[in-house]
Every structure is written in structure tokens, then in C-alpha cells.
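Beneath this line is the structure, given in C-alpha cells, with notes to follow.
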Amino acid sequence: MTRETTVRIAMNGVTGRMGHRQHLLRSILALREQGGLALGDGTVLWPEPILLGRREHALREIAERHGLEHISTDLDAVLADPSVDIYFDAQVTAAREEAIRKAIAAGKHIYTEKPTATGLDGALELARLAREKGVRHGVVQDKLFLPGLRKLKRLVDGGFFGRILSVRGEFGYWVFEGDWQDAQRPSWNYRAQDGGGIVVDMFPHWEYVLHELFGRVTSVQALTATHIPRRWDEHGKPYDATADDAAYGVFELDGGVIAQINSSWAVRVNRDELVEFQVDGTEGSAVAGLRNCRVQHRGTTPKPVWNPDIPATEPFREQWQEVPDNGEFDNGFKAQWELFLRHVYADAPYRWDLLAGARGVQLAELGLRSAAEGRRIAVPEITL
């Protein structure tokens, strides 16, 4: 016999690009479209979102478009409602820490985008508070659920690479300045005083990708830049970009693996996907993007010879083999939402918690410090 259980989720920040498209539309509303989330014991969870934010007209428009009933601009009132089970945060980074702190105090389970706070001390404090309160907590680590990286993880787990030597990542695309074409990212991303910057945005991603697939980051050396110093905001007004829009990082990992990752909002794409990782090992190599993954085994590796006097004749890209899907890949954000809901309501294991989120904040903080001081900095292991 099926038992439907309504799960009321306060969703803060759904008027933003990520909160709206990936978390509301592609995750929560997608779960409703499939009839809820079955836990396997006859229980079906039915998510009921409460759209939370500062702009009531924008919230109302989203609610009406999707047939939703509940909106609010009053965070405290929503958190005081005992029927609300989960607080989700996809706000701008600068507003996140205080809101999560209030939600923990109200006894709500926490699910949040990253970075979880503007500094390591705040991120660790959130993890401590959640543990002391006894609430369940999770941090979005969506890249782990991308088809390309799931294929890459399968190769790692299967021993395909032998001893892994290095990882090279390229991420980014050209974000228009906003004068003659609208920018694809909000202007606060380029103001340090508002919590912007590509290090703060992307190093938390690189921390969990490297940690989960290859080993814990033990040191970081970063060079940052503000390549585009002047941009135009959503109202067409010029402003000074005070945050970094590019970062070039070298990371040492447990076990001796060296990772190099370039992140830039001022680069034009000449690769198959917006992010790609090349992994080289003694037995084989792979290149993984958002969806695809290609490999070259030791036994099929060609033997190129450097000769700048003649044109290259080898079809290098054609010498790689595509890794098959071998399974169905759902939207990564939705897949992680399902895991978190199972964690809260079925006691399923879940390791991407606020402490994991604090590791990402730590790496961003140390990356910025490395760039400011011009040196390599050790990344100590953190615990509560």
C-alpha cells in the first residue's frame, strides 16, 4: 500500500538562474512530474516547495507559471513554520551563511548550494551548529553526477589508469561585458565586495571533484587575474570589476597526483565541452567533459615524433575511443536531491555534508591567499 508523505521545502533563491532552472524546474518540479520519490517501502515523498526570496513579484510569476501555491519574502516566518521540513539555499553567497544559521536554529534540515559561507571559519561553524542541533545537512556537489565524470569515476574505480600521474582541467567561456551584448552571468559575480570572483565560485567545485576522484588536495598554488576590469550591469550601467575573472591553479593531491586547472570567464571555447579534464596514468589516459568521456589505453597509444618541419599528419583526436554510457544518467542536480531526500527520510548514507562544503571554502580561501602572496600553500585537513 502506497503512503504519500508531503515534504515542505523552503527554497530560497529560486529567482536566480541556478536556483530556478536546476533546482526548482529540473529537480523538485521534475520529481513532482514523476509522481514523487518512492523510498521503496511503500512511502512516496511529495515535495511541496515554498518559494522564498526578496522580490515578491518575481516569486509570484514563477509560482503562477508552474501552478505552485506558496511564496514568501519573510525568511523568519517561513522558518518558524513547523510544517517546513527542509531549508534550501541558492542565494548570493554573501547572504547564505546568516540564512543557514537561522534555519539550523529553527531545526530545519539543510541543503545548500556552495560556497556555504564567505570564509572557512563561518563554514566550519555552520557544520558544527548542524551537528550539535542534530539536523541532516547536505551541500550541492553537482559535478560528481555529470555523465562524463561518472564515466571517469568508473574508469578510476576499475583501475583503468594504473598509477594516476596528473589531471589537467580547462573550464570557462567568454562572459560578455554587458555593453553591446547582455552578460550571461549576474554582475555581482564580478564584485569582490558582493562575494564575487571565479576562485570563490569554482575552487569549491574543483575541491570535491579532485577529492572524490583522485585524492585530497594537500597544497595549492594559484595565480588570479581580472582580465576584464570594466563591465556593465543588468541596468546598463558601467561598473569596475573588483573580483577575479580567471584563475590558474596547481594542486598537489594525496598520493602524488598533480592537478592543473584553468578557470576563466574571459576565454573563448576551443574544446568539445565547457569543462574538460584530462587524466594521464601509466596504463592509459582519458578526457572527460560534462557528458562524454574518451580513452586511450597504453596498448593503443601511438608514437608521435616531434618534427616542426613537416605538417602534422596523425589524426590525434581519432585515436581515442568513446566510453559507452552503460546506464541511464538523470539530471545531476535531481539525482543529488533524491539522495538527500532519502538521507533525511530513509536514513540512507550521504557524505556531501556541510563539512565537505567547508573544504571547498577552505580551498578557495587558500587559493586567494596563494595568489596574493605569490607562493604555494599547504591545505591542512579539517575536522570538527
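Below is a table of values for the structure above.
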item: Sorted by Cβ density within 10 Å, fewest first, the residues M11, M202, M1, M18; result: M1, M18, M202, M11
item: Contour excess over end-to-end distance, with Cα ends at R54 and A38 and 0.36 nm allotted per residue; result: 2.4 nm
item: Whole-number percent relative contact order across the chain, with pairs defined as alpha carbons under 8 Å at least 6 apart; result: 20 percent
item: Computed magnitude of the charge dipole of segment 116-260 (debye, nearest 20; Cβ of K, R +1, Cβ of D, E -1); result: 700 debye
item: Using θ = phi - 60° and Karplus 6.51 cos²θ - 1.76 cosθ + 1.60, couplings along segment 66-72 (whole Hz; Gly, Pro as x); result: 10, x, 9, 9, 10, 9, 7
item: Inter-site label distance for N331 and A372 at 7 Å from Cα along Cβ, in nm; result: 3.8 nm
item: Debye, to nearest 20: dipole size of the chain, +1 on Lys, Arg Cβ, -1 on Asp, Glu Cβ; result: 400 debye
item: Computed label-point distance, nm, for sites T383 and A266 using a 7 Å Cα→Cβ extension; result: 4.2 nm
item: Sorted by Cβ density within 10 Å, fewest first, the residues F161, F251; result: F161, F251
item: Rel. contact order, % - alpha carbon contacts under 8 angstrom, at least six apart, segment 139-228; result: 23 percent
item: Acute angle (nearest 10 degrees) that the helix 147-157 long axis makes with the longest principal axis of the chain, alpha-carbon atoms; result: 70 degrees
item: Relative packing of 62-75, 208-221, 37-50, which averages over residues the other C-beta atoms within 10 Å, highest first; result: 208-221, 37-50, 62-75
item: Cross-link pairs beyond the 23 Å C-alpha cut-off, checked among K114/K334; K102/K334; K102/K133; K143/K237; K108/K143; K114/K143; result: K102/K334; K143/K237; K108/K143
item: Sites F176 and L223 - FRET efficiency at Förster radius 25 Å, r taken between beta-carbons, to 0.05; result: 0.55
item: Antiparallel DSSP beta bridges within the chain, as percent of all bridges there, nearest 5; result: 55 percent
item: Modelled FRET efficiency - R0 35 Å, R21 with T313, Cβ distances, 0.05 increments; result: 0.20
item: Mean Cα-pair separation over length for segment 245-384, i.e. relative contact order, pairs under 8 Å, 6 or more apart, %; result: 11 percent
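Computed from the coordinates by the stated procedures, all read-outs in this text should not be read as laboratory data. The structure displayed is predicted, hence computed values, not measured ones. Glycine also receives a Cβ, built like all others from the backbone with ideal geometry; neighbour counts cover every protein chain displayed.
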